[in-house]
Structure formats: C-alpha cells, structure tokens
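J.: One structure coming up, written as structure tokens, with questions to follow.
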Amino acid sequence: MEVKLTTAHAREIDADWLVIGVPETSEWGTELTALDDALGEQLSRLREAGDLTGKLAELLTIPDTPALNTRRLLLVGTGQPNDLTVAKWEKTAMTAVRQISSKRDLRIAFCVPEQLGTLSNERAIETIATALIVGSRGQDVCKTERSRYSFLAAQIVLSPNNDAALATQAAERGRIIGEAINLTRELINLPPQDIYPETFAARAQQEAAACGLTCQVFDEKQLEAERFGSMLAVAKGSDRPARMVVLEHLRGGPNAPTLALVGKGVTFDSGGLSIKPTDGMLTMKCDMAGAATVLGAMIAIARLRLPVNVIGYAGLVENMLGSKAYKLGDVLTARNGVTIEVHNTDAEGRLVLNDVLSYAVDHGADRMIDLATLTGACVVALGEDVAGAFTNNQTWCDQVLAAAKAQGEDLWQLPMFDFYNDLLKSDVADCKNIGGRWGGAITAAKFLEKFVSGKPWVHLDIAGPAFASSNKGHREGGATGCYVRTLIEVAEKS
Ligand code: BES
Ligand code: MN
Ligand code: ZN
C-alpha cells in the first residue's frame with residue numbers, strides 16, 4: 001500500500017474517509033475550524049452537546065458529509081495537546097484506522113494534528129503511516145473472507161507547520177516500519193503446521209533477497225559442526241530439523257560497532273516431555289515471536305539503508321516429545337562448553353538462545369539484544385502488555401530503554417543480582433536449566449548471561465506483549481509485532 005502526502009486543505013480532500021484529530025481544548029486549529037465552518041458549525045454544536053469531547057482516542061463518525069469533498073468524516077480525540085506522547089498518539093491513530101478498515105477499496109486521508117504537545121511533527125507523521133499499514137491488516141491469516149482490507153489509497157494531510165521534505169521521509173519510514181510489523185505479525189499468526197524451522201528460514205531468505213539483505217541458513221549438520229549442542233538437544237523430539245538464520249546488514253563501515261539481534265524461534269512449544277497442559281499450549285505457535293521480531297526489524301533496517309552494522313540471528317526449533325526427545329536429567333554441552341543439566345524440557349528457549357548468543361559473540365557482536373517469549377513468570381510480574389528488560393551493562397540497557405521510550409513502547413527493567421545464580425546450581429553439571437519456583441524471569445535471564453562472555457547485552461522477555469489474549473481499541477488479539485519499532489530505533493541510534 002502506498003502512502004502519499006498532500007498539502008491540500010482538509011475541507012478540499014476527496015476521499016471516502018477524512019480522519020481529523022480533535023483536541024479536548026477549544027483551540028481547534030485552522031483546519032478543524034475550517035471544516036466546522038464548511039459544516040455550518042455542526043462540530044461546535046456536537047462539542048456543546050457533549051458528543052465531541054476530544055478525549056483521547058474518542059471516535060465520532062459523521063457518515064455523510066455533502067458539504068465537504070470527502071464522503072465521510074472520522075473525528076478522533078487527541079486529548080490535552082500538552083499531554084500527547086508517542087504512545088498515546090500511536091494508540092489513537094491505530095484506533096482510528098481500525099475503525100474504518102473493515103471495508104474493501106476505501107480511499108482514506110488522515111490529517112496530521114496541528115497541536116502535538118511534546119511530539120515532533122515527523123514522529124506524528126511516521127506514526128500515522130505505520131498505523132495506516134498495521135491497522136488495516138487483521139489477524140485473520142487463514143480466513144476465507146478477510147476482516148480487514150488495506151486501503152485503495154491512503155494520504156497523509158500535512159498541517160501548515162509541516163516541512164514537506166522531512167514529512168516525506170517520515171511517511172516513508174513509517175510505511176517501512178508498518179510493513180515490517182505486519183511481516184512479524186503474519187509469521188507469528190500463521191499456524192505451526194505452516195511455520196516450522198525450515199519454512200521460517202525459507203521465508204526469511206525470500207524476504208531478505210527482496211531487500212538486498214545477506215541471509216545465511218544453517219542446517220542441522222552445520223549446527224552440529226558449530227557445536228550447537230544445547231539448541232540441537234531441544235530439536236531432537238521433533239521430525240522438523242533445526243535451523244539458524246543469520247541476516248547481515250553491514251553498512252556502518254569497518255570501524256563501526258556491530259549490533260547483534262537474537263531471536264528465540266521455537267516454532268511450536270509443546271513443553272517437550274515436561275508437556276504443557278492444553279490451555280498453556282494453545283498459543284504456543286507464538287513462541288517464535290522473538291525470531292519474527294528480529295526478522296521484521298532486519299528487513300526494515302535494510303530497507304531504510306541505515307548506515308550501521310547489524311546482524312540478526314534466529315534460532316529455530318520445534319519443541320516436541322518424540323522418542324528421541326531430550327530428557328530430564330540429560331546433561332547438554334552448550335557451544336561455549338558449559339554443561340547444563342536438564343530439569344525441565346519446557347525451559348527450552350534459553351537452551352536455544354544460549355548457543356545462538358555465544359555464536360553471535362564469536363562472530364563480532366559488540367553489543368547484543370535478544371528477544372524471547374521466555375517465561376510465564378515475566379507475564380506474572382509485569383502483566384500482558386509490558387516486556388521485561390534484563391542486562392549485564394546498564395549503559396547499554398539505558399540506550400535500549402530510551403529507544404523504546406522514543407517509539408512509545410513500554411519496557412520495564414528487572415534486577416540481575418548475583419545471588420540469583422545460586423538458584424541455577426546443579427549437582428552434576430555447571431548449571432541446570434531452571435531456577436525454581438520464584439523469580440523465574442530473572443533466573444532465565446541469569447542463565448542466558450552465562451553465554452554472552454561479558455559483552456554488553458540486553459534480554460527482552462516478550463512472553464506477555466508478543467501475543468495479545470484479547471481485543472482492545474488499538475489492536476486485536478493475536479500477534480502484536482511489538483518491539484520491531486524499538487529495535488529499528490536502537491539500530492538507528494547505535
Ligand atoms: N514459551 C514458554 C513461555 C511462555 C509462556 C511464552 C506464556 C508465552 C506465553 C517457555 O518456553 C516456557 O515454557 N517457560 C516455562 C519455564 C519454566 C519451565 C521454568 C514457564 O514459563 O512456565
Ligand atoms: Mn517452554
Ligand atoms: Zn518456549
């Protein structure tokens with residue numbers, strides 16, 4: 001879907017829907033006031049009657065507007081202008097787009113608000129472009145009749161204070177980010193019979209080829225030669241062989257640092273022999289969300305031609321319970337030589353990530369971020385909408401937190417005190433793969449820390465936010481594509 005820009009006045013726009021923000025205050029700005037005039041002060045009357053309060057994300061549709069060139073108007077509350085943030089604006093724009101994307105072949109025009117509080121014009125435009133792409137794509141990857149349709153034409157209506165050149169860049173960036181988020185969502189939403197290590201890798205190759213990104217796929221023999229003992233043990237219970245995808249974007253020159261993005265790609269997590277109950281297993285197609293997030297971000301980083309060095313890794317396995325499955329009591333030797341006693345085959349994500357992280361370290365990573373739907377404990381701690389952040393290097397973590405904040409995505413750091421390591425001690429091996437009942441998100445992170453050789457590293461546990469369990473105004477249940485934006489922002493600022 002193309003996203004165009006126009007400098008025409010809102011009242012002149014010919015579209016099926018014109019979307020315009022309405023603040024809670026009486027300062028409506030020139031465009032909204034002009035619309036109100038053209039509509040014989042209908043909007044003022046609605047405000048007086050209490051039907052157009054301008055409260056954040058409040059929607060009011062005017063389905064027939066003969067006085068205007070547009071067929072319909074969607075008024076969307078932007079709240080108190082001084083309080084507007086990226087996060088609020090993103091939810092508002094998504095809510096608006098979702099309201100009008102259930103019909104085919106619509107032409108939509110979306111006005112940039114004139115009052116943006118602390119939000120920059122460019123960020124507001126980027127966010128609109130992303131929302132136009134993401135909000136018009138549903139979760140219905142296998143329905144015969146789709147529930148949402150991308151727009152026939154989409155334009156962003158610039159406000160008088162927009163700089164045209166910067167606006168063009170911002171809209172293009174927003175479109176690329178939106179498409180990356182949709183790719184991530186699609187891969188997570190697709191059923192596990194379609195997405196398994198080989199097909200994920202094939203899709204990654206195809207997407208990478210389309211944007212000039214180098215993509216290497218390691219098969220099980222190459223992984224064995226590279227001593228991925230821990231990751232390969234997890235794959236043993238499945239007929240589907242393991243894969244690792246490596247995506248290289250090296251545009252920062254030889255002296256620039258290399259950022260490694262590592263994703264957990266368990267294409268289905270049955271729990272293995274420590275099998276999950278039905279309820280817990282139901283959504284476990286989402287256990288490759290980390291890998292899908294890394295792929296989405298890498299594609300966007302390549303398409304944006306960011307002048308940086310970034311390598312994306314996806315560790316891909318299916319966690320099943322065939323007769324060859326790894327067992328409780330097995331002792332695995334990870335790629336870096338650390339021996340691990342298996343106490344629970346459902347703590348498999350860390351056994352995949354550890355080998356990929358150590359490979360990334362050996363192949364030039366100067367700093368790393370891994371993303372994983374790693375623990376239910378993190379969801380208990382932070383709820384469904386916030387990822388946990390864990391680090392061995394506060395400076396690096398602060399950069400990641402700042403990037404998330406700039407993109408309006410919520411992250412919350414959890415502690416990494418030394419004594420948590422005691423919980424991972426094993427009688428027979430260097431460590432075991434679970435910590436015990438309490439602090440499970442942290443012990444999982446402490447486990448991973450053993451494999452990063454002290455390189456600056458941030459682990460994001462996205463078990464809660466990667467896959468939404470219910471519908472909200474700004475998004476529906478299913479894959480969210482969260483943290484694709486944050487990764488792109490980190491790469492850009494690194
Ligand atoms: N993939 C799960 C974690 C998960 C839970 C992701 C809920 C998304 C939503 C992970 O592999 C897992 O099973 N973790 C176990 C660890 C435990 C055995 C120490 C868990 O959280 O119960
Ligand atoms: Mn598991
Ligand atoms: Zn898992």
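The values are calculated or read from the model by the stated rules, or taken from the named source; none is laboratory data. Since we're looking at a predicted model, the values are computed, not measured. When we count neighbours, we look across all protein chains shown, and the Cβ atoms used for this are built from the backbone with ideal geometry, even at glycine. In case anyone asks, the SASA skips ligands and DNA or RNA and just uses the protein heavy atoms, side chains included. Shrake-Rupley method; radii C 1.70, N 1.55, O 1.52, S 1.80 Å.
J.: Assuming 0.36 nm per residue, please report the length gained on full extension of the stretch A209 to D398 beyond their Cα-Cα distance.
T.: Gain in length upon complete extension: 64.7 nm.
J.: Taking the C-alpha atoms of the chain, how large are the radius of gyration and the largest Cα-Cα span, Dmax, in Å?
T.: According to the Cα coordinates of the chain, Rg and Dmax are 23.8, 81 Å.
J.: Which aspartates and glutamates does K88 reach when only Cα atoms under 13 Å apart count, and residues fewer than 8 places away in its own chain are ignored?
T.: E58, E409, D410
J.: Please quote Rg/Rh for region 387-436 to two decimal places, taking the Kirkwood radius as Rh and restricting both calculations to Cα atoms.
T.: 1.15
J.: Give me the number: length gained by fully extending E198 to T168, i.e. 0.36 nm times residue separation minus the C-alpha to C-alpha distance, one decimal in nm.
T.: Value of the extension gain: 7.0 nm.
J.: Can I ask one more? Output the antiparallel fraction of DSSP beta bridges having both residues in region 3-183, as a percent to the nearest 5.
T.: 20
J.: Let's test the formula: R0 of 60 Å, r as the Cβ-Cβ distance of K221 and E12. What FRET efficiency results, to the nearest 0.05? Could you put the intermediate results ahead of the total?
T.: Details: r = 63 Å, r/R0 = 1.06.
About 0.40, to the nearest 0.05.
J.: Using only alpha carbons, build the gyration tensor for region 175-218 and give me the equivalent ellipsoid semi-axes, biggest first, whole Å.
T.: Value: 18, 16, 6 Å, ordered largest first.
J.: How many angstrom separate the Cα center of region 103-137 from the Cα center of region 288-352?
T.: A separation of 35 Å, based on Cα centres.
J.: Roughly speaking, what is the stretch gain from D385 to S323, that is 0.36 nm per residue apart minus the C-alpha to C-alpha distance, in nm to one decimal?
T.: My answer for the length gained is 18.6 nm.
J.: Further question on the same structure: So, with a 1.4 angstrom probe, what is the percent of accessible area on region 39-126 that is carbon and sulfur? Before the final figure, lay out each step's value.
T.: Numbers: 1690 of 3820 Å².
C and S fraction of accessible area: 44 percent.
J.: When averaged across all projection directions, what area in nm² does the alpha-carbon convex hull of region 3-183 cover?
T.: Its average projected convex-hull area is 9.6 nm².
J.: Averaged per residue, what accessible area in Å² does the chain show with a 1.4 Å probe, protein chains only?
T.: Values: 19330 Å² over 494 residues.
About 39 Å² of surface per residue is accessible.
J.: How far is it, in nm, from the label point at K455 to the one at V428 when both lie 7 Å from their Cα along the line to the Cβ?
T.: Using points 7 Å along Cα→Cβ, the separation is 3.2 nm.
J.: Moving on. When the accessible area of region 418-473 is split by element with a 1.4 Å probe, what percent falls to carbon and sulfur?
T.: 48
J.: Take the cross-link list K236/K432; K264/K432; K324/K432; K103/K285; K450/K493 and give me the ones stretching past 24 Å between alpha-carbons.
T.: K103/K285; K450/K493
J.: Give the span of region 402-494's Cα atoms along each principal axis, as three whole-Å numbers ordered largest to smallest.
T.: The Cα atoms of region 402-494 stretch 50, 34, 18 Å along the principal axes, largest first.
J.: Just to confirm the number: angle between the C-alpha axis of helix 197-210 and the first principal axis of the chain, 0 to 90 degrees, nearest 10?
T.: 50
J.: Once the Cα atoms of region 252-363 are picked out, what are the Rg and Dmax in Å?
T.: 16.4, 50
J.: Further question on the same structure: So how exposed is M284, as accessible area in Å² (1.4 Å probe, rounded to 10)?
T.: The accessible area comes out at roughly 30 Å².
J.: If you take every DSSP beta bridge fully contained in the chain, what fraction is antiparallel? Give it as a percent rounded to 5.
T.: Values: 27 of 71 bridges.
Bridges in the chain are about 40 percent antiparallel.
J.: Given Cβ point charges of +1 (Lys, Arg) and -1 (Asp, Glu) and nothing else, what value in debye, to the nearest 20, does the dipole of region 3-183 about its Cα centre take?
T.: 780
J.: Shifting gears a bit: Sort out for me the Cα centre separation of region 38-78 from region 361-440, rounded to whole Å.
T.: First find each Cα centre; the distance between them is then 46 Å.
J.: While we're here: In terms of the Cα gyration tensor, with a ≥ b ≥ c the square roots of its eigenvalues, is region 229-283 rounded because a/c is under 1.5, prolate because a/b exceeds b/c, or oblate?
T.: Here region 229-283 falls in the prolate category.
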